[in-house]
Amino acid sequence: MSSKQTRPDCSRVESFLDNCWADGPHSSIAGNHDPLLNAPGLPPGIGEHLSSCPRCRGIAEEIGRVDVSLQNSFETLGGFMGPPCMGSIEATIVRLREAGPDVTLIRKVRRPLRMLLWGSFYAFSLIACCALAITAYKAFVAAR
Amino acid sequence: MEHKPVIRWNPMTDSKESTRSDSFEQDAFWVRMILREMDPAQREECFRSLMVKYWRLVGVMVAQRLGNDRRDAEDVTQEAFFRAFRSLKQLSEPTAFLGWLLKIARNLATDHLRTKRRTVSLDALGESSAQLQGALQSRRSPEFEKAIELNEETTLVMRALAELPECYREVVTLKYMQGLDGREMARPLNEPEGTIRNRLFRALDKLRRSLDKQKACKS
C-alpha cells in the first residue's frame with residue numbers, strides 16, 4: 001500500500017475509532033479490534049484497513065486498553081465512594097426543611113409584620129395619650 | 001494483554017438509550033414537583049430520589065477534585081445537594097439539573113480546596129514551601145489506599161485522569177459513571193453536542209499521551 005493511499009484511510013479509521021469511543025457503549029472497542037471487524041453496520045473498508053494496517057490496529061488496541069482501564073478506575077472510584085449514605089441524605093433533608101418555603105416565607109414576613117404591629121401599638125398609645133390629655137385638660141378647664 | 005470481563009456496578013451503563021434520555025425527563029419531573037410546592041412529604045421524596053440517583057456521581061467528581069479524601073468528599077457532596085435544592089428556583093431548564101448540580105459541586109470543591117490549602121499553609125509556617133507543595137501533591141487519604149487495591153494500570157489511569165483539565169474530566173466521568181455519549185451529555189450540561197464531543201476527543205487524546213509518557217518514564 002502506498003503512503004498516498006494509506007494516509008486518508010488511516011485518518012478516517014482514526015476518527016472512526018475516536019467516534020466509536022465517544023459514542024458507543026464503552027466496551028464496543030474494548031480489548032481488541034475483533035469486535036469491530038465483525039460489527040454490523042461497520043463502514044466499508046474500515047475492517048479491511050484495520051486488519052492490514054498495524055498502526056491503526058495498534059491505535060484500536062490502545063483505545064481499547066484505555067477504555068477498559070477507565071472502566072476499572074471508575075468502578076474502583078464508585079466503590080470507594082460507596083452507596084449514598086442515608087444519614088447524610090436525611091441530614092440534608094432536615095436542613096432543607098428548616099430552609100423550606102414556608103419557613104422562608106415566615107422569615108420574610110416576620111420583620112414587616114413585627115414593624116406593623118409595633119407601629120400600630122405606638123400609634124394607638126399616642127392616640128390614647130392624646131385623648132387622655134385632652135380629657136384631663138377639659139376636666140381641668142371645667143373645674144376652674 | 002488479556003482484559004477480564006468487568007462487572008458493572010451501575011445499571012445505567014447497560015440501559016438503553018431511550019431509558020437514559022428518560023432519565024433526564026425523570027429529573028425534570030422531580031424538579032417540577034419540588035418547585036410546585038405541594039405536599040412537603042412528596043417534595044422530600046423527590047429530594048431523596050435525586051440524591052440517591054446522583055450521590056455517587058457527585059461524590060466521585062468531588063473526590064477526584066479533592067484528592068480522593070472520602071470524608072471531605074461526602075461533606076462537599078452533601079453541601080452541594082443542599083445548595084442546589086435551596087436555590088432550585090433559579091434553574092431555568094429542569095432537564096439540565098445534573099449539569100447545574102455538578103457546577104455547584106465543582107465550585108464548592110474548589111472553595112473547599114482553597115480553604116484547606118490556606119489552613120495547611122498557616123499550620124505549617126515553619127516548613128519550606130517545597131515540602132508543603134509535596135505534601136499537597138501527594139495528599140491522598142490512607143483510607144483510599146487501603147480501601148482499594150490499585151493495580152498498575154488503574155494507578156496510571158487515575159494519575160492521568162487527575163492531570164486532565166476539569167472540563168475534560170467531567171465528560172469522561174459522565175461517560176463512565178452514567179454511560180452517556182456525547183449527544184446525551186449535551187442535554188444535562190446545557191452545551192452544544194459538538195463542544196461535548198470535542199472535549200471527549202481531546203480527553204481521550206490527552207489520556208493516551210499521558211499514559212504513554214508515564215509508561216515511557218517507568219521503562
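The set of residues from region A:42-70 being at the interface with chain B (Cβ under 7 Å from one of its Cβ atoms) and open to solvent by 10 Å² or more (accessible area, probe 1.4 Å) comprises A:E62, A:R65, A:V68. Within the set A:A123, A:A99, the sole residue that is surrounded by fewer than 14 Cβ atoms within 10 Å (Cβ to Cβ), within 7 Å of chain B (Cβ to nearest Cβ) and among the hydrophobic types (A, V, I, L, M, F, W, C) turns out to be A:A99. When each of B:A216, B:A186, B:A147 is tested for being at pLDDT 80 or above, among the aliphatic types (A, V, I, L, M) and under 20 Å from the mean Cα position of the chain (by Cα), the lone residue that passes is B:A186. Listed by position, the helices (runs of 4 or more DSSP H) enclosed by region B:147-219 that each have at least 1 residues that are open to solvent by 10 Å² or more (accessible area, probe 1.4 Å), over 15 Å from A:N19 (Cα atoms) and within 11 Å of chain A (Cβ to nearest Cβ) are B:152-163, B:166-178, B:193-218. For region B:28-86, taking the residues that are at the interface with chain A (Cβ under 10 Å from one of its Cβ atoms) and in a loop (DSSP other than H, G, I, E, B), the one that is least open to solvent (accessible area, probe 1.4 Å) is identified as B:N68. Assess whether A:L37 counts as being at pLDDT below 70, part of a loop (DSSP other than H, G, I, E, B) and among the hydrophobic types (A, V, I, L, M, F, W, C). For A:L37, the condition - at pLDDT below 70, part of a loop (DSSP other than H, G, I, E, B) and among the hydrophobic types (A, V, I, L, M, F, W, C) - is not met.
The values are calculated or read from the model by the stated rules, or taken from the named source; none is laboratory data. Keep in mind it's a predicted model, so treat the numbers as computed, not measured. Because the Cβ atoms are built from the backbone with ideal geometry, glycine has one as well, and the counts that use them run over all protein chains shown. Note: accessible area is taken over every heavy atom of the protein model, side chains too, but ligands, DNA and RNA are not part of it. Shrake-Rupley method; radii C 1.70, N 1.55, O 1.52, S 1.80 Å.
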